[in-house]
Amino acid sequence: MTTSHILEPSVLLDTASPELSLHDVERIARDVFGLVAEAAELSGERDRNYHLRAGDAHYVLKVSNPAEDPGVIDFQTKALLHIAAVDPELPVPRLLRTRTGAAEWWLEGAGAAPRLVRVLSYLQGVPMQKASPGKDLQHALGRHTARLDLALRGFFHAGAGHKLMWDLKHANTVRPLLVHVQDPAQRSLAERVLDRFEHHALPRLPGLRAQVIHNDLNPHNVLVAPDDHSRIAGIIDFGDMVHAPLINNLAVAAAYQVSEAGHPLEMVAPMVAAYHRLVPLEPVELDLLFDLITTRMVLTVAISGWRAARYPENRAYILRNNRQAWARLNCCDTLDRAQAQAYLRQATRVE
């Protein structure tokens, strides 16, 4: 798989999604989805997103990017419907169907390419990065990650094989992007992590159990209850889903839980332990988990650095996780690989 092939989806970032007036959004919500609501614009990387308030109920109206593959959108839609059927108590967005019972609706208009429109429930809560840290929260994150993986087990869709830059199994293809890392020491650190990934993980990934995974459980996509920061109130943003090794989903979530003080894996361990109780990890998965955690952080700094160079006007938003990723990478660099593996194995033995 060549780097250029993986980078092709960047056309989504170069294709603007046409704006809609709030009046048009409210009209679509009313006429198509049966919602009498007040609309407000939300931020979005690829799509146009709007907050709908209908009395005490809240929704998100999503208008797809015209460059987005309709098959990939259908993949995301079908996954949410599957989760709702398998684990209806899992706090993920629920799709609101149109007046005719469809989960998606085509928006067509003069001078604009057709775009898919969906309405989902708006999950309210505090983003995890603003929550009070603690082991209870880490246990909850591990349990919900495992529940989500169990809910998606057995779900298949033709769109699940789409190519995505954020897919860990293609992490070696981002090496050319490290040219945008100006600090030689940082660039050397990132290259060492990719070297370990290519040597230890990449050859073994094809033999691991695989399924559809969320692939982006960063603290912006996990919400906690405002009155109880140890309770997960929502898991959002299913736009980076792929079919990949199962362990990658846990690795992505854990990459954002590395501690910058004390032992780097101190907050990762309780999360892994809670996950392991619901979805027992195989020995080879545990052996590769640390490699995959650090590789995810390299993806963050490589892709965000590249995108910030391409879109300087959106630099602050793009680099929002960059500083922490470098800090956590430096912390992980103090660990010997064998020490990290032993630490994570011990976590799965603690009841």
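The values are calculated or read from the model by the stated rules, or taken from the named source; none is laboratory data. A quick note: this is a predicted structure, and the numbers were derived from the prediction, not measured. So basically every Cβ, Gly included, is an ideal-geometry build from the backbone, and we count neighbours across all protein chains shown.
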What's the number of the condition Y59 fails, among (1) closer than 29 Å to G161 by Cβ; (2) surrounded by 15 or more Cβ atoms within 10 Å (Cβ to Cβ)? (1)
Out of (1) touching a strand residue (DSSP E or B) at 6+ places or on another chain (Cβ under 8 Å); (2) among the hydroxyl-bearing types (S, T, Y); (3) free of Cβ contacts under 8 Å to residues at least 12 places away in the same chain, what's the single condition that is false for T100? (1)
Within the set of pairs 6+ apart or on separate chains, which have a first residue in the range 326-351 that is of a type in the set (F, W, Y), a second that is not in a helix (DSSP H, G or I), and C-beta atoms under 7 Å apart? Y343/L265
Please work out which residue is nearest to the chain's Cα centre (by Cα), limiting yourself to the range 135-189 and to residues that are over 25 Å from I73 (Cα atoms) and charged (D, E, K, R). R143
Regarding the range 303-325, can at least one residue be identified that is assigned by TED's automatic domain parsing to the domain that holds T145 and closer than 25 Å to P206 by Cα? yes
Checking A84 against (1) free of Cβ contacts under 8 Å to residues at least 12 places away in the same chain; (2) under 28 Å from E19 (Cβ atoms); (3) among the hydrophobic types (A, V, I, L, M, F, W, C), the condition it does not meet: (2)
Where a residue in the range 122-145 is over 17 Å from L250 (Cα atoms) and its partner, wherever it lies, is in a helix (DSSP H, G or I), with Cβ under 7 Å and at least six apart: A131/L137
Only one residue in V252, V242 is closer than 30 Å to D69 by Cβ, in contact with a strand residue (DSSP E or B) (Cβ under 7 Å, 6 or more places away or on another chain), buried (at least 23 other Cβ atoms within 10 Å of the Cβ) and not small (G, A, S), so which one is that? V242
Can you find a residue that is more than 21 Å from the chain's Cα centre (by Cα) and either hydrophobic (A, V, I, L, M, F, W, C) or in a helix (DSSP H, G or I) (or both) anywhere in the range 260-268? yes
Within the range 61-81, count every residue that is in a loop (DSSP other than H, G, I, E, B) and either touching a helix residue (DSSP H, G or I) at 6+ places or on another chain (Cβ under 8 Å) or over 26 Å from H23 (Cα atoms) (or both). 5
First in the range 30-52 and modelled with pLDDT under 95 and among the basic types (K, R), second anywhere and surrounded by 13 or more Cβ atoms within 10 Å (Cβ to Cβ) and in a strand (DSSP E or B), Cβ under 6 Å, 6 or more apart: R48/V63
For the range 112-130, does any single residue satisfy the condition of being part of a loop (DSSP other than H, G, I, E, B) and either more than 22 Å from I235 (Cα to Cα) or in contact with a helix residue (DSSP H, G or I) (Cβ under 6 Å, 6 or more places away or on another chain) (or both)? no
(1) within 30 Å of H263 (Cα to Cα); (2) in a helix (DSSP H, G or I); (3) in contact (Cβ under 8 Å) with a residue 24 or more places away in the chain all hold for E191 apart from (3)
Quick one: count up the residues across the range 194-216 that are outside any helix (DSSP H, G or I) and either of a type in the set (A, V, I, L, M, F, W, C) or farther than 16 Å from D167 by Cα (or both). 5
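Within the range 329-351, can you find the residues that are outside any helix (DSSP H, G or I) and over 18 Å from T294 (Cα atoms)?
T348, R349, V350, E351
Would you be able to say whether some residue in the range 296-303 is among the charged types (D, E, K, R), within 14 Å of A254 (Cβ to Cβ) and within 20 Å of the chain's Cα centre (by Cα)?
The answer is yes; a qualifying residue exists.
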With the structure loaded, tell me whether V117 is closer than 12 Å to L152 by Cα and either modelled with pLDDT of 95 or more or not assigned by TED's automatic domain parsing to the domain that holds H51 (or both) or whether it fails that test. no
Pull up the range 266-289, narrow it to residues that are touching a His at 6+ places or on another chain (Cβ under 8 Å) and over 19 Å from R337 (Cβ atoms), then point me to the one that is surrounded by the most Cβ atoms within 10 Å (Cβ to Cβ). M271
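Which residue out of Q182, Q124, Q186 is in contact with a His (Cβ under 9 Å, 6 or more places away or on another chain) and surrounded by fewer than 17 Cβ atoms within 10 Å (Cβ to Cβ)?
Working: Q182 fails: in contact with a His (Cβ under 9 Å, 6 or more places away or on another chain); Q186 fails: in contact with a His (Cβ under 9 Å, 6 or more places away or on another chain).
Checking each option against the conditions leaves just Q124.
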